[in-house]
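Please read the structure below before turning to the comments.
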Amino acid sequence: MNKAESQQIAGYLNSAGYQAATSFSSADLVVLNTCVVRQSAENKVLGTLGLLKGLKNKHPNLQILVTGCLVDSDTQELKRQFPHVDLLFKPSDYPELIDWEQKQGIPIDQRLLRYPRNDAGIAPSPCAFIPIIQGCDNFCSYCIVPYRRGREVSRPLGEIVCEVEELVRRGIKEVTLLGQNVDSYGHDLPGHPDLADLLNGLSSIDDLVRIRFLTNHPKDISLKLIEAVASLNKVCEHLELPVQAGNDDILRAMRRGYTVERYRELVHTIRCKIPQISLSTDIIVGFPGETEGQFEHSLSLVKEMKFDVIHVAAYSPRPGTIAWRECQDNIPSEVKKERLHKIEELQAAIASEINSQLQGREVEVLVEGRKGGKWFGRTRSNKLVFFEDAGGWLGQLARVQIGKTSPWSLGGEVKK
Ligand code: SAM
Ligand code: SF4
């Protein structure tokens, strides 16, 4: 979500005459798009704000804008703490940004907040991120998102389809639809369209090649959606389905709204309907009170499920959340680290095994750019693939024969 919003802001500023700087010290304007989902992310933000304060002392004309989840409704307190910041605006509160720019007398093209890509001269990746629902109504006990991004608000289906049609006219081949919980998309719209309806609508856009979406919630994902993924050719065989824990008592304390058994059944249904599905998940270790035995349940679920990718995080108490109010953060940080490493180590072995099955196989890669002298892109199942070739592959679908695999990426030779 932050990446999508950064793209929009960059596109907008580009239309106002700014160009990307290569460092803070050479910039006239810095926009800090913040994440505070964990304390470590917030610490990074605070460190950067300190650095920018020093820079502003040296260059008083430097303008500093801060957005993202750090900015809650009480901006007065933030203004008091960070007087060197010129503007604080809430995530997606672009009217506030536009108003500020107008006051600076800068010419603007507001349309570029919606269509940030080609005109903006941003890295011409063929992939775009499209927020479809803002906010979250779930209030998982550990999570700060609903407090910072507010309640769920879906964008009208027709508006999203028009936006994607325009992006495709400008060269986009793949869209990733974004929401904290894409499965509740549409419940607040007239006629209650859902994500499956949106996928159907987008599938009929001629030159759009691939559609992805994230994140799903195991308590809300519907059979209709699973069947849409199975039947629509453009929708990639990849689902982000965060489980968070492998123990029912911890899941209840997290207020996730499902049990391990329900999750297991869901994965079974998904794998029956979409045999090539690649599954990613999120896991939190060291939730308050998590015993060694309860952690072992998460480890065994990981062994059993054989996810393609796991994002694992150590529990971080977030002020204002239910867990912060009601539970003591009583798992020592060394224990959290140890549990985190155990999951990562186990997952590296599982991903290595899954990816090694692609050795010698030919995969379809949508080429996104170059890194370290090689082309890179992703398979439909979201595997990162590198290959070397002198040709111009950006935005093309390449057939790559896989010669090298690791838990994190694949390498191979392009077939011509
Ligand atoms: N909406 C998605 C879901 O239902 O899982 C995820 C959104 S959340 C912003 C992204 C991930 O951050 C979560 O899946 C969770 O693993 C992690 N996360 C959120 N709050 C956390 C906390 N207080 N401590 C550690 N990890 C946290
Ligand atoms: Fe946070 Fe996701 Fe739970 Fe919403 S569903 S509260 S974003 S973890």
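Among the candidates Val175, Val153, single out the residue that is at pLDDT 95 or above, β-branched (Val, Ile, Thr), under 20 Å from the mean Cα position of the chain (by Cα) and closer than 30 Å to Ala323 by Cα.
Numbers: Val175 fails: closer than 30 Å to Ala323 by Cα.
Within the list Val175, Val153, the selection yields Val153.
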**Prompt:** Is it fair to say Ile160 is at pLDDT 95 or above and either in a loop (DSSP other than H, G, I, E, B) or more than 15 Å from ligand 1 (Cβ to nearest atom) (or both)?
**Reply:** yes
**Request:** Within segment 219-243, track down each residue that is within 16 Å of ligand 2 (Cβ to nearest atom), in contact (Cβ under 8 Å) with a residue 60 or more places away in the chain and outside any loop (DSSP other than H, G, I, E, B).
**Result:** none
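For segment 174-198, how many residues meet the condition of being aliphatic (A, V, I, L, M) and surrounded by fewer than 20 Cβ atoms within 10 Å (Cβ to Cβ)? Working first, answer last.
So in segment 174-198, the residues aliphatic (A, V, I, L, M) come out as 175, 177-178, 182, 189, 195-196, 198.
With surrounded by fewer than 20 Cβ atoms within 10 Å (Cβ to Cβ) added as a condition, the list becomes 189.
Within segment 174-198, residues that are aliphatic (A, V, I, L, M) and surrounded by fewer than 20 Cβ atoms within 10 Å (Cβ to Cβ) number 1.
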**Complete:** Of (1) in contact with a Pro (Cβ under 7 Å, 6 or more places away or on another chain); (2) away from ligand 1 (no atom under 16 Å from the Cβ); (3) of a type in the set (Lys, Arg), Arg149 fails just (2)
**Asked** Pairs, please: C-beta under 6 Å, at least 6 apart or cross-chain, first residue within 13 Å of Leu279 (Cα to Cα) and in segment 349-361, second surrounded by fewer than 18 Cβ atoms within 10 Å (Cβ to Cβ)?
**Response** Ile350/Lys306; Ala351/Pro407
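Take Asn216 and tell me if it is buried (at least 17 other Cβ atoms within 10 Å of the Cβ) and free of Cβ contacts under 8 Å to residues at least 60 places away in the same chain. Full working, then the answer.
On the way: buried (at least 17 other Cβ atoms within 10 Å of the Cβ): yes; free of Cβ contacts under 8 Å to residues at least 60 places away in the same chain: yes.
It is true that Asn216 is buried (at least 17 other Cβ atoms within 10 Å of the Cβ) and free of Cβ contacts under 8 Å to residues at least 60 places away in the same chain.
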**Complete:** Note on Gly171: of the conditions (1) in contact (Cβ under 8 Å) with a residue 60 or more places away in the chain; (2) surrounded by 18 or more Cβ atoms within 10 Å (Cβ to Cβ), unmet is (2)
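What residue, among those in segment 244-276 that are in contact (Cβ under 8 Å) with a residue 60 or more places away in the chain and within 24 Å of the chain's Cα centre (by Cα), is nearest to ligand 1 (Cβ to nearest atom)? Even if it seems obvious, please write down each step before you answer.
Filtering segment 244-276 for residues in contact (Cβ under 8 Å) with a residue 60 or more places away in the chain gives 244, 253-257, 276.
This time we only want the ones that are within 24 Å of the chain's Cα centre (by Cα), so: 244, 254-257, 276.
Details: Gln244: 6, Met254: 9, Arg255: 11, Arg256: 8, Gly257: 10, Gln276: 23 Å.
Checking each candidate, the answer is Gln244.
The values are calculated or read from the model by the stated rules, or taken from the named source; none is laboratory data. Every value quoted in this text rests on a predicted model; they were computed, and no experiment measured them. Neighbour counts run over all protein chains shown; Cβ positions are idealised from the backbone, glycine included.
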